[in-house]
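Since every read-out is calculated from the coordinates, none of them should be taken as a lab result. Keep in mind the model is a prediction, meaning the values are calculated, not measured. Virtual Cβ from ideal backbone geometry, glycine too; neighbours counted across all protein chains shown.
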Amino acid sequence: MDRRSFLTVAAAWGVAGMQPLARAANDWPIKPLKIVCPYPPGGIVDIIARLLGDQLSQSLGQPVIVESRAGAGGNIGTAYVARSRGDPYTLLLGASGPLAINVSLYDDLGYDVPRDFTPISLLAATPLVLVTSPKSGISTVSQLLDRLRGADRGAFYGSAGMGTPQHLAGELFKQRTDTRAEHVAYKGGAPAVMALLSGEVLYAFENLALVEPHLKSGDLVGLASTGDTRIPFFPELPTMMESGVADFVARGWYGLLAPADIPAEVAQRLNAETVKAARQPVMRDKLASFGSDDVTNSTEAFRQFIADETQKWSAIVKAANVRLDS
């Protein structure tokens with residue numbers, strides 16, 4: 001066989017070898033999909049997963065099931081999807097904790113985000129709100145800083161738990177303002193808010209959806225939001241940077257990912273359908289109620305976003321000397 005004949009045969013074999021993969025990508029999906037939620041039902045991750053699942057089931061023509069695999073700060077469900085390498089039917093509604101923060105907190109996550117996942121699209125980036133009780137007499141960030149710098153007794157701030165975005169926002173606040181306060185970790189956002197209402201802690205950074213009713217009733221005072229712009233339906237609430245705290249942005253964020261090694265064509269279709277779903281009124285309005293703008297992006301932009309957030313929170317965790325058992 002001469003060289004030209006050999007190359008012709010080799011090319012034919014190459015095309016033949018690619019046909020099953022191309023056919024699989026073109027036919028996808030041919031069975032139900034699963035979105036793994038790495039947190040308990042009822043929270044923001046679960047809500048977004050179910051809304052997205054409903055929209056994707058309509059556009060893809062297959063049922064989309066949401067499965068809760070909670071535990072270890074989101075690590076258990078995230079690791080489960082990481083082990084499903086190459087499976088385009090098992091997806092993850094990922095969050096900033098297990099995807100960007102926990103790598104600096106745990107010795108062994110059981111997964112490596114850049115290696116084990118195909119980012120699809122960011123879905124929401126929700127600011128926290130710095131809140132205090134009206135009984136404190138504090139109504140601005142400046143007044144809180146005066147209290148922290150001038151009090152002889154120690155101040156306490158609460159959070160939804162060790163290593164959560166709420167906890168690390170508190171650490172970032174101390175680092176940016178050169179103040180001190182003792183962290184009190186509660187088992188979730190609701191107990192942290194109850195502690196704030198009862199006066200156990202002076203302040204907290206919490207999810208807008210959790211504190212909004214208390215802000216409206218006057219049981220809590222909002223001092224600032226932690227986004228880079230004001231929350232549209234709370235325009236009177238300044239950002240932390242507007243309040244004089246430089247370089248302060250701390251948002252919880254959520255996005256869709258697939259395991260590594262799924263067909264590129266499937267990843268691109270998933271991205272297009274996810275972006276379209278996030279812009280449907282039912283999802284757009286719910287995400288806006290969490291304080292998020294439209295932050296959907298490309299697969300590569302989401303990958304870079306995760307890398308940037310990992311680097312940012314790693315520096316904050318290291319400066320705060322926070323570690324958790326694996």
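If R0 equals 25 Å, the separation of the Cβ atoms of K318 and K187 corresponds to a calculated FRET efficiency of about 0.45. Calculated FRET efficiency, R180 and D108, Cβ-Cβ r, R0 30 Å, to nearest 0.05? Working from the Cβ atoms, E equals 0.40.
Evaluated at q = 0.06, 0.13 Å⁻¹, the base-10 log of the normalised Debye intensity for the chain, with identical point scatterers placed on the Cα atoms, takes the values -0.24, -0.94. Its alpha carbons give the range 167-208 an Rg and a Dmax of 10.4, 28 Å.
The alpha carbon radius of gyration of the range 59-218, expressed as a multiple of 2.2 N^0.38 Å, is 1.24. Listed by chain and number, the aspartates and glutamates placed with their C-alpha closer than 20 angstrom to that of K135 are D146, D152, E182, E200, E206, E212, D219; residues fewer than eight positions away on the same chain are left out. With K and R counted +1 and D and E -1, the other residues having a Cβ less than 15 Å from that of T239 yield a net charge of -2. Residues of the chain were split at every exposed loop site, defined as trypsin sites (Lys or Arg not before Pro) in a DSSP loop with at most 14 other C-beta atoms within 10 angstrom, and the longest piece left, sites excluded, is 188-278. Helix screen, the chain: DSSP H segments with Cα axial length of 15 Å or more and mean Kyte-Doolittle hydropathy at least -1.0 are 3-27, 44-60, 165-177, 264-278, 299-320.
Here the Gaussian network model covers the chain, with springs between Cα atoms less than 10 Å apart; of L60, L223, L123, L60 fluctuates the most. Per 0.36 nm of contour for each residue apart, how much would the distance between K216 and R149 grow if the chain were fully extended, relative to their Cα-Cα spacing? Separation in residues times 0.36 nm, less the Cα-Cα distance, equals 21.2 nm. Amide H contacts for F117 (H built 1.01 Å from N in the peptide plane; partners 5 or more residues away or on another chain; cut-off under 5 Å): A260. Using the alpha-carbon positions of the range 197-314, Rg (one decimal) and Dmax (whole number) come out as 17.3, 54 Å. Dividing the Cα radius of gyration of the range 127-225 by its Kirkwood radius returns 0.92 for Rg/Rh.
Label-to-label distance, T140 versus D27, with points set 7 angstrom from Cα along the beta-carbon direction: 6.7 nm.
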